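First comes the structure, then the notes that go with it.
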Amino acid sequence: MTAWLKDIAKWEIGRTLYLSVPFTWLLPKARQLALLHKGPVQAGGPAVQLMPDYLADVAAVNRPCPVEPLLFHNPLATFTSRGCPNSCPFCAVPRIEGDLVELGRDWRPAPIICDNNLLAASRRHFGQVIGKLKDCDFPFVDFNQGLEARLLTPFHIYGLTMLKNPMIRFAFDHVNDEAAVADAISLCRKQGLKDFGVYVLIGFNDTPEDAQYRLEKVWEWGALPNPMRYQPLDSLEKNQYVQAGWTDTLLKDYMRCYSNSKRFGQLSIINYNPGRHDLPLLEGLVAAE
Ligand code: SF4
C-alpha cells in the first residue's frame, strides 16, 4: 500500500504555490513555506478549514483547487462521500464537513476508501460503491477511516464479501461500544471476512486502564488495534495534550506498545519495558483533504 504523505502536500502551478495541510500542527510550517514563496500562495486542507485565520494573511485560504489534493497525499485513496451525521466531540469532520453528502457516481475509483462514515450513506450509494470497486478489480480494498459498527447490516457485509481482500476497520473509542464492535466483527467473520483493524482513541475522557482494556479486547477479537492519541482540534504542536490521569510518557508508551503488534506481536503495557523493547513510535493513519 502506498504510504500516506503525513505532511503538507505542496505543488506549484505557474507562479502559484498550493499547500494542502492535513493537521493543525503543520500550520506553522505551512506559514513558513508561504512566507518564503515568491508569488501567490493558496492553502487548504482540514487544518486550514479548522483554523482559517492562521494563514489568512499569507495565503488565499479554502479556495477551490484546480487539482485534487488527495492525489498528493496518497494517490490510492479516494472519497465516495463527505461528512458525517454524528458529532463525536474529538472529531474534526462534523465541524469542517457537516452532515453526510454522497458524491453520487462521480468519485475517482481507488482502493483506499476514506469516507468518514460510509455506512451512514444510503443503501443505493453503498451498493454503487461496491459495484464500482468490484468492477475495478482492485487487489485489495481498505476502508481506511473505519466503518461504524452500529450501522453494519447483513446487506453491507454481503457487499464487502464481493471485494478482493477487504480490510475492514472499526473504531472502539468508548467502552460502551464494545458489544457493537464485537458483534460487527463476529458477523463479518461468519461471512468469511478476515482482516480487521480497530482504531482505539486514547487519552480522551478515559484512563490508562480503560484504554488498556479496549486495546487488548481488540486482540481478543483477533483484530489489530490501531491506537490514536487524542489531539485537540486547534493543536499547533503535536502530542502536547495530556489528559488528567495520564502522562506524556505513558501515552507514548501505549502508542509504541499497541501500534506495533502487527510486527512485534502482542505485548501488553503491563510487560512493556522501554529499555528492553525498542519499539518505534508509530502514529495512526489519518485521512487528508
Ligand atoms: S469520529 Fe467518525 S462517527 Fe464520529 S463524528 Fe467523526 S467521522 Fe463521524
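Structure summary
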quantity: Calculated FRET value between Cys88 and Met162, using beta carbons and R₀ = 45 Å, to 0.05; calculated: 0.95
quantity: For the chain, share of DSSP beta bridges that run antiparallel, in % to the nearest 5; calculated: 25
quantity: Within the chain: Cβ-based charge dipole about Cα centre, in debye rounded to nearest 20 (Lys, Arg +1; Asp, Glu -1); calculated: 740
quantity: Cα-derived Rg over Rh, computed across segment 179-241 with Rh taken as Kirkwood radius; calculated: 1.08
quantity: Residue order, fewest to most surrounding Cβ atoms within 10 angstrom, among Glu237, Glu102; calculated: Glu237, Glu102
quantity: Gain on full stretching of the segment that runs from Arg263 to Arg123 - 0.36 nm per residue minus C-alpha separation; calculated: 46.7 nm
quantity: Separation of alpha-carbon centers, segment 97-173 and segment 193-245, rounded to whole Å; calculated: 23
quantity: Estimated vicinal HN-Hα couplings, Hz - segment 8-23 in sequence order (Karplus 6.51, -1.76, 1.60; Gly, Pro = x); calculated: 5, 8, 9, 7, 10, 10, x, 8, 8, 9, 9, 10, 10, 10, x, 10
quantity: Ellipticity estimate at 222 nm from DSSP helix runs (n ≥ 4, -39,500 (n - 2.57)) divided over the chain, nearest 500; calculated: -8500 deg cm²/dmol
quantity: DSSP bridge orientation in segment 9-61 - percent antiparallel, rounded to nearest 5; calculated: 45
quantity: Given charges at Cβ of Lys, Arg, Asp, Glu: segment 186-235 dipole, positive-most of Pro232, Pro208, Gly222; calculated: Gly222
quantity: Rg and Dmax [Cα atoms of segment 9-61; Å; Rg one decimal, Dmax integer]; calculated: 9.6, 28
quantity: Free-standing Cys, the chain [no other Cys Cβ under 4.7 Å]; calculated: Cys65, Cys84, Cys114, Cys136, Cys188, Cys257
quantity: Reachable aspartates and glutamates, given that their alpha-carbon falls under 17 Å from the alpha-carbon of Lys38 and they are not under 8 places away in the same chain; calculated: Glu12, Asp57
quantity: Packing-based exposure ordering (other Cβ within 10 Å, fewest first) of Ile270, Ile130; calculated: Ile270, Ile130
quantity: Spin-label proximity, Lys38 to segment 1-24 - amide N less than 20 Å from point 7 Å beyond Cα toward beta carbon; calculated: 11-19
quantity: Gain in span if fully extended, Asp135 to Trp219, counting 0.36 nm per residue against the direct Cα distance; calculated: 26.9 nm
quantity: Fully extended contour minus Cα-Cα distance, from Gln49 to Glu12, at 0.36 nm per residue; calculated: 11.3 nm
quantity: All aspartates and glutamates inside 13 Å of Lys194 as judged from Cα atoms, apart from same-chain residues fewer than 8 positions distant; calculated: Asp142
quantity: Theoretical FRET efficiency, 1/(1+(r/R0)^6), r = Cβ-Cβ of Thr247 and Arg105, R0 45 Å, to 0.05; calculated: 0.35
quantity: Flagged links, alpha-carbon separation over 27 Å, of Lys134/Lys238; Lys10/Lys252; Lys6/Lys252; Lys29/Lys262; Lys10/Lys238; calculated: Lys134/Lys238; Lys10/Lys252; Lys29/Lys262
quantity: Residues Phe155, Phe172 arranged by fewest to most Cβ contacts within 10 Å; calculated: Phe155, Phe172
quantity: Amide H contacts under 5 Å for Leu201, placed H, 5+ residues apart; calculated: Phe172, Asp173, Met228
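All of the numbers you see were taken from the coordinates with simple rules; none came from a lab. Keep in mind that this is a model prediction, so the values were computed, not measured. Don't worry about glycine lacking a Cβ; one is built from the backbone with ideal geometry, like all the others, and counts go over all protein chains shown.
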